[in-house]
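Here is the structure we will look at.
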Amino acid sequence: MLTVTSLECARGDRRLFSDIEFSLDSGELLHVHGHNGSGKTTLLRTLCGLVLPVSGQINWNGDDISDLAEEFTQHLLYIGHKNSIKDDLTGLENLMVYSVLDGHPIAEKEAWDALSKIGLKGFEDLSTKVLSQGQKRRVALARLMLTKAKLWILDEPFVALDKAAVELLQDVIKQHISNGGMVILTTHQEVEMTTGTVKQLELGWKKQGHV
Amino acid sequence: MFRAFSTILKRDLTLAMRRKSDITSTLFFFVVVVSLFPLAIGPEMNTLRLIAPGIVWVAALLASMLALDHMFSVDYEDGSLEQMLLTPQPLSILVLAKILAHWLVTGLPLVLMAPVLGLQYDLSADAIGILMLTLLIGTPALSFIGAIGAALTLGLRGGGVLVSLLVLPLSIPTLIFGAGAVEATVSGLGGEGHLSMLLAILLMSAVLAPLAVSMSLRISSE
């Protein structure tokens, strides 16, 4: 369970938000809203432990995430604005490298399957620099099909995806939630969920977020 | 853990093979700088023999400085670095793999090219042998030390100049003992002392640099 108490973050001298409180349990999804510049990305990066908060606590099953370090990151999958894939490697190679880094090495067969499932059949062994923006995003998101991480933190996962891919990704997220996973995401699209609980968090000056 | 190490090593070597310009530019710079001196100074063999170790070493130092730019910046830009920070693998192991890959790609070619360049300076076979040995021990040390500077200046504008300012002072001992070992051997004094110091620098930097780099990367990527 992820618990956040009185979290405050700043970027340089500018305070982005303060007093953020929420908790996220198995089978729950948190949808973070906010206008541009309200600190959505910073919040997500803080929850991953990439950015240190000004004050406040982020606990994973009761322990501070900065103390847990690798014991927390093994449960975490973060996909940010950047696709984090290597342009000179093929989609397959990218997935294989990440599977080892994530601690669950996969066979090449599984990587082929994941890529064809996400709609990249025929593009698996092409260097990703020849792929379109949306296809690169798909390669990055194919990791969701292979990971064993419980907590997914997704920063604008639907950007650059076509309609079919958006629906596919929604299904993958639903599946993860119904299997008892947790998802935190930001998006400007409405995410329709049929299973699990969807929590909303609003960032911004007027309404400080409480869930 | 070992699997993660070898995966990153293999990944970086594959990337380097697919983008050869990084390797060749460093090597080309090294060859050109070293080759210019005999042309400028003239065919005075005694002078050339005397200055050869120093010039080869200074050129190797500058070439390795030139290559530092790419060590982490590409990973930083495409987001892979963030992911490396978030994997359950010890970051210093991944960093060690990256530095090793970087050395294999930019440092080792310099070592292998040294004998050819030594001929221009009329160095004896012994001197060339010891020059290669010092470069073999010294260039990885330069990669380790340089990695700290590269990690600290990640994402800064004008980082290149700053890296040189940070790293050059730290690299001076390597330079002194590296060039000194060759001179001492040639003059008959024996270069063992210099070589031991060089090896000590390598071992110390190999232990401390990955830790320092990991911390710097966490700060730089915030």
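Among the residues of region A:17-40, write down those that are under 14 Å from A:Trp152 (Cβ atoms) and among the polar types (S, T, N, Q). Can you show your working first?
Going through region A:17-40, the residues under 14 Å from A:Trp152 (Cβ atoms) turn out to be A:24, A:26-32.
Selection gives A:Ser26 alone.
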Out of (1) in contact with a strand residue (DSSP E or B) (Cβ under 9 Å, 6 or more places away or on another chain); (2) within 12 Å of another protein chain (Cβ to nearest Cβ), the one A:Gly12 does not meet is (1)
- Report yes if B:Leu100 is in a helix (DSSP H, G or I), at pLDDT 90 or above and under 13 Å from the mean Cα position of the chain (by Cα), otherwise no. yes
Per the filter on region A:85-119, residues in contact (Cβ under 8 Å) with a residue 40 or more places away in the chain and buried (at least 20 other Cβ atoms within 10 Å of the Cβ) are A:Ile85, A:Lys86, A:Gly91, A:Asn94, A:Leu95, A:Tyr98, A:Ser99, A:Asp102, A:Ile118
Just to be sure before I move on: is B:Ser124 more than 14 Å from chain A (Cβ to nearest Cβ), surrounded by fewer than 20 Cβ atoms within 10 Å (Cβ to Cβ) and either more than 15 Å from B:Val213 (Cβ to Cβ) or touching a helix residue (DSSP H, G or I) at 6+ places or on another chain (Cβ under 6 Å) (or both) in the structure I sent? yes
Is it true that B:Val116 is buried (at least 19 other Cβ atoms within 10 Å of the Cβ) and on the phi < 0 side of the Ramachandran plot? no
When every residue in region A:52-84 that is among the β-branched types (Val, Ile, Thr) and more than 7 Å from chain B (Cβ to nearest Cβ) is compared, the one surrounded by the fewest Cβ atoms within 10 Å (Cβ to Cβ) is A:Val54
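Tell me, which residue of region B:16-36 that is without any contact (Cβ under 8 Å) to a residue 40 or more places away in the chain and of a type outside the set (Val, Ile, Thr) is nearest to A:Leu89 (Cα to Cα)?
That would be B:Arg18.
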Result of the Cβ filter at 6 Å on region A:189-211, keeping first residues that are closer than 18 Å to A:Ile173 by Cα and partners that are modelled with pLDDT of 70 or more and among the hydroxyl-bearing types (Ser, Thr, Tyr), at least 6 apart or interchain, is A:Thr195/A:Ser178
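Results for (1) basic (Lys, Arg); (2) touching a helix residue (DSSP H, G or I) at 6+ places or on another chain (Cβ under 8 Å); (3) more than 23 Å from B:Ser6 (Cα to Cα), shown as yes or no for each residue.
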site: A:Gln74; (1), (2), (3): no, no, no
site: A:Asp88; (1), (2), (3): no, yes, no
site: A:Ala111; (1), (2), (3): no, yes, no
site: A:Asp125; (1), (2), (3): no, yes, no
site: A:Gly134; (1), (2), (3): no, yes, yes
site: A:Lys150; (1), (2), (3): yes, no, yes
site: A:Val159; (1), (2), (3): no, yes, yes
site: A:Asp162; (1), (2), (3): no, yes, yes
Scanning region B:105-124 for residues that are outside any loop (DSSP other than H, G, I, E, B) and among the small types (Gly, Ala, Ser), the one modelled with the highest pLDDT turns out to be B:Ala114
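The values are calculated or read from the model by the stated rules, or taken from the named source; none is laboratory data. Just so it is clear, the structure is predicted and the values come from calculations on it, not from any experiment. Cβ atoms come from the backbone with ideal geometry, glycine included; neighbour counts cover every protein chain shown.
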